[in-house]
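One structure is given below, encoded as structure tokens.
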Amino acid sequence: MRPSEDAGARETRPLRPPSPEPPSSRSGRTDPPGPNVGAPEPGGKAAPGPDGPPPAPFSPKPWPRPIWPARPVGSGGRAVLIHHPDLIRYRFHDEHPFDQRRLLLVLDLLEALGLVAPEERLAPDPSAWDEEPLLRVHGARYVEAVKAAGRGGRAGTPPLIPGTAGEGTEMAGAGDAAVDEVEAEPHTAPAPFSADDLLDYGLGTEDVPIFPGMHEVAFLTVVGALTGARYIMDHPGHHAVFLGGGLHHAFPHKASGFCIYNDAAVAIRYLLDRYDVRVLYIDTDAHHGDGVQAIFYREPRVMTVSIHETGRYLFPGTGHVTERGEGPAFGTKVNVPLEPFTEDDDYLAILERVLVAAFERFRPDVVVSQHGVDAHRYDPLTHLALSTRAYRAIPRLIHTLADTYAGGRWLALGGGGYDLFRVVPRAWTFLWAEAAHRPLVDAEVPAVFLDRWQKKAPVPLPRRLLDPPFPPIPRRKAIREKNAVVLKRVLEFLR
Amino acid sequence: MLVADIMHTPVITASRTATIREALELLHRHRIRHLPIVDGEGRLFGIVTDRDLREAVPSRLAVDEALLARLAEPVETIVRREVITTHPGEFVEEAAQLMRQHKIGCLPVIADDAIVGIVTHSDLLSALITLLGVDAPSTRLEVEVPDRVGMIADLTAIFKQQGINIVSLFVYQSPEPGRRRAAIRARTMDPRRLIAAIRAAGFVVRWPKLPDDRPEGGKGPA
């Protein structure tokens with residue numbers, strides 16, 4: 001493991017660089033109401049994020065705010081691939097579909113293709129981060145429950161990874177109350193959790209079984225996303241890819257859908273708190289990004305765009321076009337539910353129209369994207385019918401838009417993906433290649449990769465990155481028609 | 001689900017001595033279309049709708065003495081006395097039947113001679129969403145079961161044995177005679193083992209399909 005770049009760069013930086021005149025393209029927009037700092041947010045039973053109303057670390061600024069310096073389109077800034085070897089401990093049991101050992105396959109394929117330079121690797125360092133950013137999204141009691149679950153229900157023993165609790169806070173003035181809570185609760189008054197208590201937090205369920213050290217690896221995931229968020233702000237125009245993250249189903253007080261902590265939401269909250277930026281979150285997982293949407297449902301500085309299989313049958317059931325945000329954030333939450341068996345062409349055409357409209361309307365400073373790859377035809381949990389051609393095109397589209405509209409500040413996260421051998425490695429190879437400015441058209445899967453993994457795989461591994469054309473879906477016309485209705489409605493909302 | 005669970009309360013009402021103008025203002029201010037009229041003791045006297053009120057008043061274009069005089073008349077001159085009402089303990093579906101049968105848009109809710117609430121079309125739509133909609137992250141399964149004693153018990157026992165919580169369940173008639181369909185929302189993202197177990201018990205899972213149902217592991221409507 002390389003020493004973290006972050007560890008060396010911990011001195012306080014100015015919150016925003018000297019700002020140039022806003023370009024004319026931005027001056028004409030209608031400005032939304034001021035940021036909604038400190039407003040309670042939905043999701044979870046007790047509405048406010050951590051405990052009580054969160055403090056307001058930054059005063060709302062008048063619009064239009066200064067923006068970050070733009071970067072010429074396509075200038076090829078650097079990118080980093082954030083990874084930590086301990087991430088593969090994020091697995092529940094052998095029969096569980098979510099298994100981060102898939103990251104080993106991805107890294108192996110990337111290496112076999114020679115796609116990652118040593119200086120592009122960045123390891124998150126959990127000892128460099130305290131829990132405060134986590135507690136800005138998740139309740140302190142919930143975090144205690146996760147810790148206790150990972151220790152077998154006992155409370156009060158020190159964390160396995162030293163330095164993950166209570167170190168000097170970096171975000172001066174932010175969340176002091178939450179930090180005090182952490183100090184007070186676990187160490188002075190150990191409160192054991194019964195199995196029923198844990199179930200109330202979604203822990204020990206069929207979807208999120210308990211495993212030893214679950215807090216530590218889930219926190220490592222959060223730190224990975226935070227490391228990426230800080231990296232893209234410290235290195236204007238550079239991109240960060242963290243395939244271990246994107247666990248978008250977790251709620252402030254509840255684990256759900258294989259997700260313990262919502263690293264995407266923690267990273268976005270950190271970007272809001274520390275940099276006061278406008279964040280566009282793009283979620284192309286086949287499942288609705290319900291946790292992230294709920295956490296920022298009343299936050300006008302965050303637009304979420306989720307394109308997913310309709311929730312009529314599929315988990316989590318939400319993500320209807322009518323879910324549009326609340327209060328000052330009404331209109332900043334965008335949902336594109338697609339018919340089962342939607343294929344590449346239809347999907348990509350819809351995604352492009354929606355994203356262009358979303359960028360035009362919202363004008364983000366930063367892009368955070370979630371790249372679940374479970375909409376592939378092979379994925380066992382969903383019913384969308386994409387091929388890796390879509391997974392080549394999605395990052396390219398987001399990359400172009402992030403460069404054009406957001407000065408290249410782009411953090412790409414992983415997400416779902418349950419065909420571990422055939423889909424995940426190839427799809428995320430396309431993602432990294434795009435972010436690293438070495439886009440791939442197609443390539444043979446190297447023999448060294450096949451030799452190593454074919455004997456472990458239950459199915460024949462594909463020989464090329466790009467899938468050959470699949471036979472067309474029989475009801476294609478009807479599927480297209482229904483998707484067109486959804487698209488029309490979404491575009492009307494974004495006008 | 002009872003009328004008491006979905007009714008609007010408190011109710012905006014007007015006294016029978018209020019003027020037509022006051023009644024119109026109440027409808028506008030509260031953005032409602034139905035105004036129960038009460039007598040001096042708070043008992044339901046009748047009801048006026050926005051249409052009754054608009055029809056009672058001459059066109060706004062003809063601003064003249066007649067219009068102003070009409071607006072000043074008490075609302076009891078146009079009130080409908082025969083009001084169809086419901087009770088807080090009545091079932092929601094009974095209230096819906098009543099409204100459909102009589103082609104009316106609202107039902108005042110009466111208990112002990114007092115008006116305690118009101119149910120309108122939009123309350124019934126909200127109830128429909130609550131009954132059939134999603135309030136917890138979950139997967140929906142549609143299972144066809146024989147219309148016989150104990151079938152739902154057998155079916156739900158499988159969920160218990162798999163350790164998967166049911167967040168909602170409703171059973172409705174199947175187009176196939178002698179069968180019923182159960183629509184179940186289950187708190188899991190991976191229903192594969194559950195579906196396999198339901199099938200093994202002899203039920204027909206109409207949706208979702210398992211990957212094995214599809215040609216060459218790929219997806220296609222099987």
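The values are calculated or read from the model by the stated rules, or taken from the named source; none is laboratory data. Since the model is a prediction, treat every value here as computed from it, not as a measurement. All Cβ positions, glycine included, derive from the backbone under ideal geometry; neighbour counts span all protein chains shown. Accessible surface areas use protein heavy atoms only, side chains included; no ligands, DNA or RNA. Shrake-Rupley method; radii C 1.70, N 1.55, O 1.52, S 1.80 Å.
Indicate the gyration tensor shape class of segment B:138-177 (rounded, prolate or oblate), computed on the Cα atoms with a ≥ b ≥ c the square roots of the eigenvalues: a/c under 1.5 is rounded; otherwise a/b larger than b/c is prolate and the rest oblate. It is oblate, given that a/c is not under 1.5 and a/b is not larger than b/c. Legend: P(r) of segment A:316-411 from all alpha carbon pair distances, 5 Å bins from 0, whole percents, reading 3, 12, 19, 23, 21, 15, 6, 1, 0. Answer rounded, prolate or oblate for chain B, using the Cα gyration tensor with square roots of eigenvalues a ≥ b ≥ c: rounded when a/c is under 1.5, else prolate when a/b is larger than b/c, else oblate. Because a/c hits 1.5 or more and a/b exceeds b/c, chain B counts as prolate. Converting phi to 3J(HN,Hα) with the Karplus coefficients 6.51, -1.76 and 1.60 and the offset θ = phi - 60°, segment A:131-144 yields 7, 4, x, 4, 6, 6, 10, 9, x, 4, 5, 5, 4, 4 Hz in sequence order, with x at every glycine or proline. Across chain B, Cα pairs under 8 Å and at least six residues apart give a relative contact order of 17 percent.
Can you give the FRET efficiency to the nearest 0.05 for B:ALA201 and B:LEU131, using r as the Cβ-Cβ distance and R₀ = 25 Å? So, using R0 = 25 Å, E works out to roughly 0.40.
Annotation: extensible slack from B:ASP50 through B:ILE152 equals 32.0 nm (criterion: 0.36 nm per residue apart, minus Cα-Cα distance). Taking the square roots of five times each eigenvalue of the Cα gyration tensor of segment B:3-129, the equivalent ellipsoid has semi-axes of 28, 16, 12 Å, listed largest first.
What segment B:3-129 shows is 60 Å² of accessible area per residue, with the surface traced by a 1.4 Å probe over protein heavy atoms.
Using the Karplus relation 6.51 cos²θ - 1.76 cosθ + 1.60 with θ = phi - 60°, the per-residue 3J(HN,Hα) values for segment A:357-373 come to 5, 5, 5, 4, 6, 9, 6, x, 8, 9, 10, 10, 10, 10, 10, x, 10 Hz, with x marking Gly and Pro. Accessible area ranking (1.4 Å probe, heavy atoms, ligands and nucleic acids excluded), largest first, for B:ILE12, B:ILE6: B:ILE12, B:ILE6.
The amide H of B:ALA111, built 1.01 Å from its N in the peptide plane, has B:VAL116 as neighbours under 5 Å, considering only residues 5 or more places off or on other chains. The B and A chains share an interface that buries close to 2500 Å² of accessible area, total over both sides, probe 1.4 Å. Annotation: the antiparallel percentage among DSSP beta bridges lying fully within segment B:1-114 is about 75.
Rounded to the nearest 20 debye, the dipole size of segment B:3-129 about its Cα centre is 440 debye, using +1 on the Cβ of Lys and Arg and -1 on the Cβ of Asp and Glu.
In terms of the Cα gyration tensor, with a ≥ b ≥ c the square roots of its eigenvalues, is segment A:353-495 rounded because a/c is under 1.5, prolate because a/b exceeds b/c, or oblate? Taking the square roots of the gyration eigenvalues as a ≥ b ≥ c, segment A:353-495 is oblate. Using heavy atoms of the protein chains and a probe of 1.4 Å, the accessible area assigned to B:ASP135 is about 140 Å². Net charge dipole, chain B: roughly 1100 debye, given to the nearest 20, about the Cα centre with Cβ charges of +1 for Lys and Arg and -1 for Asp and Glu.
Here segment A:416-495 is treated as a Stokes sphere of Kirkwood radius computed over C-alpha pairs; at 10 °C and 1.306 mPa s its diffusion coefficient rounds to 101 µm²/s. How charged is the neighbourhood of B:ARG100? Take every other residue with its Cβ under 13 Å from the Cβ of B:ARG100, and add Lys/Arg as +1 and Asp/Glu as -1. Neighbour charge sum, excluding B:ARG100 itself: -1. Once C-alpha pairs closer than 8 Å and six or more residues apart are averaged by separation and normalised to the residue number of segment B:3-129, the relative contact order reads 33 percent. The phi torsions of segment A:450-464, fed into the Karplus equation with coefficients 6.51, -1.76 and 1.60 and a -60° offset, translate into couplings of 4, 4, 6, 9, 4, 5, 8, 8, x, 9, x, 7, x, 8, 10 Hz, rounded to whole numbers, with Gly and Pro shown as x. For the set A:THR310, A:THR318, solvent exposure ranked by accessible area (probe 1.4 Å, protein chains only) runs largest to smallest as A:THR318, A:THR310.
Amide hydrogen proximity for A:LEU413: with H placed 1.01 Å from N in the peptide plane, the residues at 5 or more positions away or on another chain lying under 5 Å are A:PHE242, A:SER369, A:GLN370, A:HIS371. The share of alpha-carbon pairs in segment A:88-132 lying farther apart than 17 Å comes to 55%. Amide H contacts of B:THR19: B:VAL75, each under 5 Å away and 5 or more positions distant or on a separate chain (H built 1.01 Å from N in the peptide plane; Pro and chain starts excluded). Per residue, segment A:388-495 exposes 45 Å² of solvent-accessible protein surface, assessed with a 1.4 angstrom probe and all protein chains in place. Separation of the alpha carbons by more than 29 angstrom is noted, of A:LYS477/B:LYS209; A:LYS254/A:LYS456; A:LYS477/B:LYS160; A:LYS482/B:LYS209, for A:LYS254/A:LYS456; A:LYS477/B:LYS160. Note on segment B:133-217: Cα-Cα pairs beyond 22 Å make up 22% of the total pair count.
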